[in-house]
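Trainee: If you scroll down you'll find the structure; I have some questions about it.
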Amino acid sequence: MKSKFLRVLLAVAATFTFSALAQTGSAATPSSPAASSSTPTTSPAPTGVTKVGTINIQDAIFGSNEGQRDMQVLQKKYEPKQAELKGQNDELESLKKQLDTQGSKLNEDASANLRKQIESKQKLFDRSVQDAQEEIGNQQQEIASRILAKMAPLVVKYSQENGFTLIVDTSKPWPQSPVLWWNAEAVDITKNVVDAYNVQSGVAAPAPSAGAAKPAAPKPSTGTGAAKPATPAPTTPK
């Protein structure tokens, strides 16, 4: 188990956080000016003209100063769990190595006992990884939902003030998202929303922490989607 295990867990947790967050986002974001009395009223776009914008809401949330700060706190909180999982994995790998190198020299009972140890510790490790992923995912979702509730009105305000009639979330690439292609440089509002949110929140940019899993800074998406770290594959007894 590498020292990067926790950041992998955080990334894995994020992949299923945003499927649930999508429902929260649709509820938190007013669908029309009438949905929020605090939203400024602006002149509608000319008839027949549709101005579509895009936002990577995942990058916006975790690329904001508040999101980066809270993710650093989350990583610090789970450093002991990272060490615990690494210890479990190291012990498991040591037993497997022992079976590989000494298996042919062990009698039947000793070999069977070693295999049972490996199987038992493998199940314990797999469950620990699953529990950690779920726990981290819940914590991430709490962070994301809290920030989104405050960021959503800003998205509406910015969109209205700049004449957009539709904003599409591009957090996921096609075919998970209905968006096949878009001119990110022309229509992406992610950075503008993040900048406005940083001013509104008053949270200063956190200092990078050594070895921290730092969320990527908001940037226009190309539509292909960034590669996500794969779930740590549980090792199996040999």
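Every number in this text was worked out from the coordinates using simple rules, so none of it is lab data. Every value quoted in this text rests on a predicted model; they were computed, and no experiment measured them. FYI the Cβ positions are ideal-geometry reconstructions off the backbone, even for glycines, and counts take in every protein chain you see.
Trainee: Name the aspartates and glutamates eligible as straight-distance cross-link partners of LYS123: C-alpha to C-alpha under 17 Å, and not fewer than 8 places from it in the same chain.
Mentor: LYS123 reaches GLU84, ASP90, GLU91, GLU93, ASP131, GLU134.
Trainee: Taking the beta-carbon count within 10 Å as an exposure proxy, list VAL194, VAL73 from fewest neighbours to most. Mind showing how you got there, number by number?
Mentor: Values: VAL194 24, VAL73 13.
If I rank by nearby Cβ atoms, fewest first, I get VAL73, VAL194.
Trainee: Starting with the fewest neighbours, write out SER159, SER201 ranked by other beta-carbon atoms found within 10 Å of each beta-carbon.
Mentor: Least crowded to most crowded, the residues run SER201, SER159.
Trainee: Starting from the Cα-Cα distance between VAL168 and ALA186, subtract it from 0.36 nm times their residue separation and give me the gain in nm to one decimal.
Mentor: Values: separation 18, 0.36 × 18 = 6.48 nm, distance 1.36 nm.
Length gained, VAL168 through ALA186: 5.1 nm.
Trainee: Right, something else. If you rank LEU106, LEU74 by fewest surrounding Cβ atoms within 10 Å, what's the result?
Mentor: With the sparsest Cβ surroundings first, the list reads LEU106, LEU74.
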